[in-house]
Amino acid sequence: MQNRKGFRPTARTQAPDANQMTFQRAQAFHKQGNLAEAQKLYADILLKDPNHFDALHFCGVIAYQKGDLGGAESFYVKAISLKNSAAAIYVNYGLLLHVSGRLDEAVASYDSAIQRQPNDAYAFNNRGVSLEGLKRFDDALASFDRAISIHSNFADAYINRGNLLKTVGRLPEALSSYDRSIEILPGDADAFNNRGVVLNGLRRFDEALASYERALSLKPNFAEAYCNRGKTLNALKRFDEALASYDKSIGIKSDYAEAHNNRGATLALMLRFPDALASYERALAIKPDYAEALNNCGVALQNLKMFDAALARYSKAIDIKPDYAEACWNKASLLLLFGKFGDGLTLYEWRKRGEDPKGERTFRQPLWLGEESLRNRRILIHEEQGVGDVVQFCRYIKLLEAEGAKVVFAVSAKLAPLMKRLGSDAEICLLSDIPDDFDFHCPLMSLPLAFKTDLATIPAMATYLFADEKRSHQLHQRLSRDGMKKVCGLSWYSKADRTGVTRSVDLLELFNHIDPTEYTFVSLQYGDVADQIADLKAKKGVEIVCVPEVDNFQDLDGFAALVDACDVVLTIDNTTVHLAGALNKKTLVMLPDVPDWRWMLDRDDSPWYPSIRLLRQELLGDWRAVFQRVGAALAEPLGQPV
């Protein structure tokens with residue numbers, strides 16, 4: 001929602017006797033909304049008295065209301081030059097300046113009003129809106145608070161305060177502001193809508209829906225509320241209802257670009273990429289410079305394997321909005337998918353500047369990106385993103401040591417035991433306990449850029465992590481029934497919000513193509529998949545063994561031993577594949593037709609992991625050919641890892 005501002009009402013100053021009745025009639029018409037009659041009467045006054053302050057002021061107000069900003073400014077400026085002591089005209093002039101994008105001047109005008117009337121709540125409220133536009137958030141909040149201290153039941157000030165707090169991520173405080181505005185004005189649909197947006201941000205989805213419903217009961221044709229309701233239904237994965245909500249929004253406001261864009265995002269999550277693309281294109285037809293829709297268009301085109309078109313859309317989004325981190329990150333990922341590591345890794349640094357920044361930690365020591373010598377220098381490397389990312393890129397620790405660096409590697413508590421098995425001299429510490437004595441720092445996933453990695457120089461080490469050998473051997477003996485069975489570790493499901501549905505496979509369908517007789521299948525899965533395992537046993541008679549003493553999510557050292565205990569690993573794209581590759585296990589990876597960038601395109605091997613084999617979809621969502629290849633591969637002799 002837009003910030004709410006209003007004209008400062010003003011008591012009429014004493015008009016000259018000859019014009020007093022005319023002015024009163026003009027004011028009456030103005031309050032009724034009859035601008036034409038009001039303007040005519042104000043003009044009559046100015047014919048007799050060109051320097052009539054109130055007539056000039058309200059002629060300016062009418063010009064503003066009609067969208068004639070230049071005319072309004074002329075009237076305001078002339079009135080101020082005649083009688084610059086009236087606070088109300090400075091408030092209204094400030095509003096004009098704000099709408100014209102002249103925010104600094106707007107703040108100065110509100111300050112002039114406050115100098116003349118220090119307890120003008122309207123001036124403080126509108127001043128706060130302009131300060132927010134200037135990103136002077138602390139000053140804006142203070143201005144809203146001052147307006148509220150003057151006028152404790154000033155609902156618009158609470159709304160604006162809530163909007164600001166929402167913008168800066170202080171959602172619980174924003175919610176309190178909206179709640180207070182609703183106490184003052186229980187019939188304010190805007191407040192209920194904004195309250196729903198905050199509740200959605202707090203992941204209190206059911207309450208958000210209730211708030212939108214209340215807004216819609218007060219204002220049935222509230223297109224923005226239907227659009228925001230769609231976002232919440234989308235978060236609840238109630239996609240059909242979300243689409244219906246967006247369609248309702250568009251039915252009310254056909255040129256509502258955001259609703260078309262969000263509708264496309266829902267269709268994309270339903271894997272209906274051609275339909276999603278059509279919605280994005282409709283948004284762009286309405287608003288050609290809509291950077292977010294261009295970015296989303298790129299994602300849809302990428303999933304449709306229209307890679308050049310996707311790249312063009314990302315580039316155009318960035319041209320329009322050069323600091324658009326998500327579009328930069330998406331473009332980086334696509335370039336990396338092509339194997340264009342130079343430009344791709346450079347753009348990948350934008351991951352640090354998105355709404356959910358990755359790898360961005362601030363230290364007094366400088367960032368190292370490969371320029372300075374590290375010989376006998378101490379460098380802090382800090383973990384970022386998921387466990388799989390840490391496992392894949394921790395190999396660079398050894399490259400740093402080869403440069404003569406003394407490495408401090410800061411990781412989360414659950415990763416620390418595993419990272420101590422790197423076979424390096426790195427000092428492993430916790431992210432919560434980083435020492436002060438280092439010379440440089442670098443986020444883990446900036447190391448490929450620092451080392452100028454390309455396809456020819458990827459450090460594709462066969463084994464660079466080492467499991468607990470004794471624990472691994474004991475697990476293998478138990479799971480193989482002392483060598484009577486081959487052990488296949490299995491991971492098939494991802495609950496990642498955006499990509500989990502394209503990565504995950506159906507367990508029952510998979511085992512239509514696998515002969516299970518030679519194997520013990522062991523779960524390398526985390527999350528609640530007990531129902532899927534039970535269903536497989538009931539319908540196929542296939543048992544997937546869970547190892548209760550190993551928590552696959554929290555006990556990563558134990559999980560590494562369990563993966564190492566397997567003769568072969570069959571997995572989707574998740575943490576398991578990276579751990580299996582780092583341990584040099586024979587691994588079959590089932591990939592969607594457009595995979596994550598690190599698996600690249602059109603190859604069945606990986607430049608990162610010599611021991612894995614990539615089995616790719618040919619069509620989006622069609623796993624049958626992949627499963628057939630899995631069955632054939634598991635029927636082959638195991639052979640040896642690289």
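The values are calculated or read from the model by the stated rules, or taken from the named source; none is laboratory data. Small disclaimer: the values here were computed from a predicted structure and weren't measured. Glycine also receives a Cβ, built like all others from the backbone with ideal geometry; neighbour counts cover every protein chain displayed.
Considering only the stretch 274-289, I want to know if a residue exists there that is touching a residue at least 12 places away in the same chain (Cβ under 8 Å), outside the structural domain of Asp319 (by TED's automatic domain parsing), of a type in the set (Ser, Thr, Tyr) and over 23 Å from Arg503 (Cβ atoms). Checked the stretch 274-289: no residue is touching a residue at least 12 places away in the same chain (Cβ under 8 Å), outside the structural domain of Asp319 (by TED's automatic domain parsing), of a type in the set (Ser, Thr, Tyr) and over 23 Å from Arg503 (Cβ atoms).
What residue, among those in the stretch 204-229 that are small (Gly, Ala, Ser) and closer than 24 Å to Pro172 by Cβ, is nearest to the chain's Cα centre (by Cα)?
Quick first cut of the stretch 204-229, residues small (Gly, Ala, Ser) only: 208, 210-211, 215, 217, 223, 225.
Checking the rest, the ones that are also closer than 24 Å to Pro172 by Cβ come to 208, 210-211, 215, 225.
Numbers: Ala208: 19, Ala210: 24, Ser211: 23, Ala215: 26, Ala225: 21 Å.
Among those residues, the one meeting the criterion is Ala208.
Would it be correct to say that Gln385 is modelled with pLDDT under 95 and within 23 Å of Asp497 (Cβ to Cβ)? Let's see the steps before the verdict.
Values: modelled with pLDDT under 95: yes; within 23 Å of Asp497 (Cβ to Cβ): yes.
Yes: the conditions hold for Gln385.
Does Asn19 satisfy the criteria of being buried (at least 22 other Cβ atoms within 10 Å of the Cβ), of a type outside the set (Phe, Trp, Tyr) and either over 30 Å from Asp104 (Cβ atoms) or modelled with pLDDT of 85 or more (or both)? No. Identify, from the list Phe338, Phe393, the residue that is at pLDDT below 95 and of a type in the set (A, V, I, L, M, F, W, C). The conditions single out Phe338. Condition check: touching a residue at least 40 places away in the same chain (Cβ under 8 Å), of a type in the set (Lys, Arg), touching an Asp or Glu at 6+ places or on another chain (Cβ under 9 Å) and over 30 Å from Asn296 (Cβ atoms). Does Arg351 satisfy that? In short, no. The residue that is surrounded by the most Cβ atoms within 10 Å (Cβ to Cβ), counting only those in the stretch 423-456 that are modelled with pLDDT of 95 or more and hydroxyl-bearing (Ser, Thr, Tyr), is Ser446.
Any idea which residue in the stretch 598-642 is farthest from Leu508 (Cα to Cα), counting only those that are assigned to a loop (DSSP other than H, G, I, E, B) and touching a His at 6+ places or on another chain (Cβ under 9 Å)? Step through it out loud before you land on a result.
Here is the first cut: in the stretch 598-642, the ones assigned to a loop (DSSP other than H, G, I, E, B) are 600-611, 617-623, 636-642.
After this cut, where a residue has to be touching a His at 6+ places or on another chain (Cβ under 9 Å) as well, the list is 608-609.
On the way: Trp608: 31, Tyr609: 29 Å.
Within the stretch 598-642, the match that is farthest from Leu508 (Cα to Cα) is Trp608.
Being touching a residue at least 24 places away in the same chain (Cβ under 8 Å) and either hydroxyl-bearing (Ser, Thr, Tyr) or crowded, with 21+ Cβ neighbours inside 10 Å (or both) is the filter here; which residues of the stretch 65-85 pass it? Within the stretch 65-85, Ala72, Ala79, Ser85 qualify. Output the residue which, of all residues in the stretch 285-296 that are part of a helix (DSSP H, G or I) and over 8 Å from Ala257 (Cβ atoms), is farthest from the chain's Cα centre (by Cα). The selected residue is Ala285.
Yes/no per residue for (1) farther than 27 Å from Asp605 by Cβ; (2) among the β-branched types (Val, Ile, Thr); (3) in contact (Cβ under 8 Å) with a residue 60 or more places away in the chain:
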residue: Leu380; (1), (2), (3): yes, no, yes
residue: Val390; (1), (2), (3): no, yes, no
residue: Ala410; (1), (2), (3): yes, no, no
residue: Gly423; (1), (2), (3): no, no, no
residue: Leu430; (1), (2), (3): yes, no, no
residue: Asp436; (1), (2), (3): yes, no, no
residue: Asp454; (1), (2), (3): no, no, yes
